[in-house]
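Below you'll find the structure, written out as C-alpha cells, and then a few comments.
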Amino acid sequence: MEFIIEMSNFVIQSKIVYLSNEYAFQTIPKLPTDVSLLFENLCINISSDDKTVYSIDGYHPKTCWTEKELIIPKCQVGKLIVNGNFESGDVKRLAPICTYQTFYDSKTGWLCIGTDELNSTSVKILNNVIATIKNKKLIALWLNPELK
C-alpha cells in the first residue's frame, strides 16, 4: 500500500475534534467513506472510488500522549491518495499496534502520532490535520484538534 500526495489548492473543509468524555477523535462533518485503514487505534477513512482520505476517527486516550515540544512540519495543501486494492467495507491495519508513539505539545495543541521526523513530505489534508509521508509510507499524522 502506497500513500501518494496530490498537491492542490483545495483542502477538505472538515475538522478533527477530540471528545474528552469518549477519549476519541472525530471528524466533523464526516464525509461518506467505505474503507478504513487502521493507524494505531485510529481509522483513516477513505473512499474505495477515488482512494482519497476524507476523515480520521477513533479511540485514543490522553493517557498515551507524551508531552513534547513539537516543530510542526512545513506543508502544502492537497489530497492524500492511498494506492492499493480496496473493496467497499475493507478494514486494513497499516502497522502492528503500538508501532507509533503519540507526542503532544500543550503550548500549541498539536499532536504527532508517529514520528516527528522533519526529513519527509507533509500535506495538509483537513483544516487541522497534516499527514507526513516518507518513501510512500505514512509515518505520522499531525492533529490540532478542537477539544470538547
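Each reported figure results from applying straightforward, stated rules to the coordinates on display, with no laboratory input. Everything numeric here is computed off the predicted structure, so don't read it as measured data. With ideal geometry, Cβ positions are generated from the backbone for all residues, glycine too; neighbour counts draw on all protein chains shown.
Our analysis of the range 1-83 gives Rg over Rh at 0.98, with the two radii drawn from alpha carbon positions and Rh computed by the Kirkwood formula. The alpha-carbon of K134 sits under 25 angstrom from the alpha-carbons of these lysines, leaving out residues fewer than 8 places away in its chain: K15, K51, K68, K74, K79, K92, K124.
Fewest first, what order do I97, I113, I5 take by the number of other Cβ atoms within 10 Å?
On the way: I97 9, I113 23, I5 19.
Fewest-to-most ranking of I97, I113, I5: I97, I5, I113.
The structure-derived value of volume of the Cα convex hull per residue in Å³ appears in the list (i) 201; (ii) 105; (iii) 114 under the label (ii).
The distance from the alpha carbon centre of the range 87-112 to that of the range 38-76 is 5 Å, rounded to a whole number.
Straight-line reach from K148: taking Cα to Cα under 14 Å and skipping same-chain neighbours fewer than 8 places apart, the aspartates and glutamates in range are E22.
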